[in-house]
Amino acid sequence: MSKKVAFLQGNEAAAQGALYAGCNFFGGYPITPSTEVAEVMSVELPKVGGKFIQMEDEIGAMAAILGAALAGSKVLTSTSGPGLSLKQELIGYGCIAEIPCVVYNVMRGGPSTGMPTGPSQSDVMCAKWGTHGDHPAICLVPASVQETYEEVIRAFNLSEKYRTPVMVMPDEIVAHMRERIVFPEPGEIEVLPRKSPTVPPEQYKPYDTSFGDVPPLASFGSGYKFHVTGLNKMQDGFPTTKAEVVQAEEERQVRKVDANADDIITFEEYMLEDAEVVVVAYGSTSRSARYAVNVAREQGIKAGMFRIKTFWPFPDKQIKALAGKVKGFVIPEMNLGMCSIELERCAQGKAPVLGIFRVDGEPINPDQIVEKIKEVK
Amino acid sequence: MSRYELRFSGAGGQGLITAGIIMAKAASIYEGKQAVQSQSYGPEARGGASKSEVIISDGPIDYPKITQCDALLAMTQEAANKYSHDLKEGGVLLIDSDLVTKIPAGNFKTVAFPIINTAKNDVGREIVANIVALGAMVALTGQVTRENAEKAVLSSVPEAFIELNRKAFSMGYERALAASV
């Protein structure tokens, strides 16, 4: 049997991916250029017995999905820059209370309301540092319609596996671009269920580390009662200021992602075998980079691309290894050098990092990248 | 490489993004090629500058935007002025002859006919001007067959408007052929 195909937009594919992953609750507030996700979810969720709610604002939407997740739902919200800023307080709450959820954020020009219809990649730091305090961060940056579909599914899986908010951040180009998509059959892509408690309600503690760094999460309404707070907490969920408990819990929350970086980080290596100049790129910019690498190769330049698919945790290990082998990195990004800082940190001075930074709402074109590749000596 | 680049440009509300989507859908779903459609538009729903870009290729498409345009549709004078400069030598420029009166010069073939007027008076509804334009672009670019493009049009419009759109598409296709000889 031939598979189902469609000609879809990135945002529409994201919504379809969420449905494949078993998302049954969407709370959101519409904002360009992410609104199509909410549109599709509002039509499709009722058909599968799910709930769609348009909240009064972005933080309300974040609160709604956290509550629904605690009641056992698989949850999604979608937004863009200004909305992401407004959600930050409760994204931190999701991190400390360890609530699985997926935040889909389309990157448009910023800061503030910026350029609603223009593409950008300037929210990648916000994905890690937007909410205050030390906390785990997972952020996926797809580059095509098909990949947006698949990465949303992976985001749901990671959020369940590590019991933490996961962000998917396409730029506006990927989110609004249309391409052919081939839908997987049910069961073809693994969908991870939530780890439920194996103990009876009276023995249950929501942060019981005897089950490892990711304790099982009971659903409200299933007979398990527990306390949830944004304060530093003990294993039973009640607040504490006990120094050793707070230290251990904070470290565990960060460790559950950092120690599993190899399980989370994904990337693509394009023509890297003999590459002397490596273009590091993500999202739609990686499409320009691939074009540029092909042009450079035709001109006899040994160029390659390292494509970041998982922005957080950052692929430190891979970049460090490349830095020891190459003449230099080129980083095209639609911001004023956010990934560039990370590259410089990982390169540790072993290879120069040449940036192409654009915030004018126009995509970085392949010619610009080819020129920059030629500057690497 | 077989990369072919089309730009549908004009004003918000003229349905150009839809026309681009249908062209790309025809190539990618019905013609068995690969296609990417992207768009850019201002914050205005109506009246602001709007463009939709379609890349068609036999192989995978990396950069989704125009590098050197093969075929340009300009439905406003502003769009014709702004985008004709990166039209390839030997490329095609299609304009609405009522709206674009100052015809840009260049080493490309210009085809002109009153697109909106054709929709309004010959097809019967101004709203299908984008489908008239699409029919014309299909005829002038030869990237997808007439049959596949028509399938893409008909699968993209509501049931009640199938005949209207079929007529608009055919009219655009024929007018463009007549105007380009």
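The values are calculated or read from the model by the stated rules, or taken from the named source; none is laboratory data. All figures in this text were calculated on a predicted structure; none of them were measured in a lab. Glycine also receives a Cβ, built like all others from the backbone with ideal geometry; neighbour counts cover every protein chain displayed.
Looking across the stretch B:29-40, the residues that are closer than 8 Å to B:Ile56 by Cβ and within 9 Å of chain A (Cβ to nearest Cβ) come down to B:Gln34, B:Ala35.
Take B:Ala26 and tell me if it is small (Gly, Ala, Ser), crowded, with 18+ Cβ neighbours inside 10 Å and more than 13 Å from B:Leu72 (Cβ to Cβ). Against the criterion (small (Gly, Ala, Ser), crowded, with 18+ Cβ neighbours inside 10 Å and more than 13 Å from B:Leu72 (Cβ to Cβ)), B:Ala26 qualifies.
Please go through the stretch A:185-200 and give me each residue that is touching a residue at least 12 places away in the same chain (Cβ under 8 Å) and either over 21 Å from A:Glu151 (Cβ atoms) or touching a Cys at 6+ places or on another chain (Cβ under 9 Å) (or both), ordered by number. Answer for the stretch A:185-200, where residues must be touching a residue at least 12 places away in the same chain (Cβ under 8 Å) and either over 21 Å from A:Glu151 (Cβ atoms) or touching a Cys at 6+ places or on another chain (Cβ under 9 Å) (or both): A:Lys195, A:Ser196, A:Pro197, A:Thr198.
Kindly indicate whether A:Leu45 is assigned to a helix (DSSP H, G or I), under 22 Å from A:His176 (Cα atoms) and in contact (Cβ under 8 Å) with a residue 12 or more places away in the chain. It is true that A:Leu45 is assigned to a helix (DSSP H, G or I), under 22 Å from A:His176 (Cα atoms) and in contact (Cβ under 8 Å) with a residue 12 or more places away in the chain. Among the criteria (1) under 20 Å from A:Asp123 (Cα atoms); (2) surrounded by fewer than 24 Cβ atoms within 10 Å (Cβ to Cβ); (3) within 14 Å of chain B (Cβ to nearest Cβ), the one A:Tyr291 does not fulfil is (1).
When the stretch A:342-371 is filtered for residues that are within 24 Å of A:Glu172 (Cα to Cα) and in a helix (DSSP H, G or I), the ones remaining, listed by number, are A:Glu342, A:Leu343, A:Pro366, A:Asp367, A:Gln368, A:Ile369, A:Val370.
Among the candidates A:Ile308, A:Ile265, which residue alone is surrounded by 14 or more Cβ atoms within 10 Å (Cβ to Cβ) and out of contact with any Lys or Arg (no Cβ under 9 Å at 6 or more places or on another chain)?
Only one candidate passes the filter, namely A:Ile308.
Here is a yes/no grid of residues against (1) surrounded by fewer than 16 Cβ atoms within 10 Å (Cβ to Cβ); (2) in contact (Cβ under 8 Å) with a residue 12 or more places away in the chain; (3) touching a Ser or Thr at 6+ places or on another chain (Cβ under 9 Å):
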| residue | (1), (2), (3) |
| --- | --- |
| A:Glu160 | no, yes, no |
| A:Val166 | no, yes, yes |
| A:Met169 | no, yes, no |
| A:Val174 | no, yes, yes |
| A:Arg180 | no, yes, yes |
| A:Phe183 | no, yes, no |
| A:Glu202 | yes, no, no |
| A:Thr209 | yes, yes, no |
| A:Gly212 | yes, no, no |
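Do we have any residue at all in the stretch A:250-262 that's closer than 28 Å to A:Gly83 by Cβ, modelled with pLDDT of 95 or more and either in contact with a Gly (Cβ under 7 Å, 6 or more places away or on another chain) or assigned to a strand (DSSP E or B) (or both)? The answer is no; no qualifying residue exists.
Of the residues in the stretch A:155-182, how many are out of contact with any strand residue (DSSP E or B) (no Cβ under 7 Å at 6 or more places or on another chain) and either within 14 Å of chain B (Cβ to nearest Cβ) or at pLDDT below 95 (or both)? Steps first, please.
Taking the stretch A:155-182 as the starting set, the residues that turn out to be out of contact with any strand residue (DSSP E or B) (no Cβ under 7 Å at 6 or more places or on another chain) are A:157, A:160-164, A:174.
Subset that is either within 14 Å of chain B (Cβ to nearest Cβ) or at pLDDT below 95 (or both): A:174.
Selection size over the stretch A:155-182: 1.
Across the stretch B:41-93, the qualifying residues are those that are exposed (fewer than 15 other Cβ atoms within 10 Å of the Cβ) and assigned to a strand (DSSP E or B), and the one among them that is nearest to the other protein chains (Cβ to nearest Cβ) is B:Glu89. Among the residues of the stretch B:145-155, none qualifies, meaning not one is buried (at least 22 other Cβ atoms within 10 Å of the Cβ) and touching a strand residue (DSSP E or B) at 6+ places or on another chain (Cβ under 6 Å).
For every residue, the table says whether it meets (1) over 20 Å from A:Val214 (Cβ atoms); (2) assigned to a loop (DSSP other than H, G, I, E, B); (3) charged (D, E, K, R).
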site: A:Glu56; (1), (2), (3): yes, yes, yes
site: A:Met62; (1), (2), (3): yes, no, no
site: A:Tyr93; (1), (2), (3): no, no, no
site: A:Ser159; (1), (2), (3): no, no, no
